[in-house]
């Protein structure tokens with residue numbers, strides 16, 4: 001069924017009124033650089049909102065997310081491997097660091113039930129030092 005000219009005009013006028021009010025409704029916004037490459041993205045999906053930034057090659061380098069577990073912030077190297085993260089939920093506050101292969105190397109946290117914890121890992125992800133001692 002095709003819309004009448006009057007219906008189409010009313011719909012366009014409603015959209016223009018939203019724009020004039022400063023309100024934009026969408027699921028994703030892409031930020032483009034002068035070459036037309038996506039350098040940032042703000043989106044909302046089933047898991048929650050995401051704000052993500054990309055380098056000139058399109059590799060995701062930083063991401064802020066909010067989902068049912070709470071907010072999280074990750075930073076990636078130029079190969080796209082997550083190297084550092086920060087997040088918290090009702091159960092814990094977590095900060096971690098990883099090596100070039102993506103293996104956890106250090107973890108700092110405050111857990112709801114057990115309190116503060118610090119762990120350092122070797123290249124095989126075996127704990128080499130922890131506090132408090134397990």
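The values are calculated or read from the model by the stated rules, or taken from the named source; none is laboratory data. In this text, all values refer to a predicted model and were calculated from it rather than measured experimentally. When we count neighbours, we look across all protein chains shown, and the Cβ atoms used for this are built from the backbone with ideal geometry, even at glycine.
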With free of Cβ contacts under 8 Å to residues at least 40 places away in the same chain and under 30 Å from residue 34 (Cβ atoms) as the only criterion, which of 44, 106 stands out? 44
What about residue 42, is it under 30 Å from residue 116 (Cβ atoms) and surrounded by 15 or more Cβ atoms within 10 Å (Cβ to Cβ)? no
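Assess whether residue 21 counts as being closer than 30 Å to residue 116 by Cα and either exposed (fewer than 11 other Cβ atoms within 10 Å of the Cβ) or in contact with a helix residue (DSSP H, G or I) (Cβ under 9 Å, 6 or more places away or on another chain) (or both). Before you say what the answer is, go through the steps one by one.
On the way: closer than 30 Å to residue 116 by Cα: no; either exposed (fewer than 11 other Cβ atoms within 10 Å of the Cβ) or in contact with a helix residue (DSSP H, G or I) (Cβ under 9 Å, 6 or more places away or on another chain) (or both): yes.
No.
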Which residue is surrounded by the most Cβ atoms within 10 Å (Cβ to Cβ), if the candidates are limited to region 94-117 and must be modelled with pLDDT of 95 or more and farther than 23 Å from residue 77 by Cβ? 117
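Can you name every residue in region 78-88 that is assigned to a loop (DSSP other than H, G, I, E, B), farther than 19 Å from residue 125 by Cα and within 15 Å of the chain's Cα centre (by Cα)? Working first, answer last.
Quick first cut of region 78-88, residues assigned to a loop (DSSP other than H, G, I, E, B) only: 78-81.
Still in the list and also farther than 19 Å from residue 125 by Cα: 78-80.
Across region 78-88, the qualifying residue is only 80.
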Kindly provide the set of residues from region 2-41 that are on the phi > 0 side of the Ramachandran plot and modelled with pLDDT under 90, ordered by number. 22
In region 45-55, residue nearest to residue 72 (Cα to Cα) [restricted to those that are over 11 Å from the mean Cα position of the chain (by Cα) and modelled with pLDDT of 95 or more]: 54
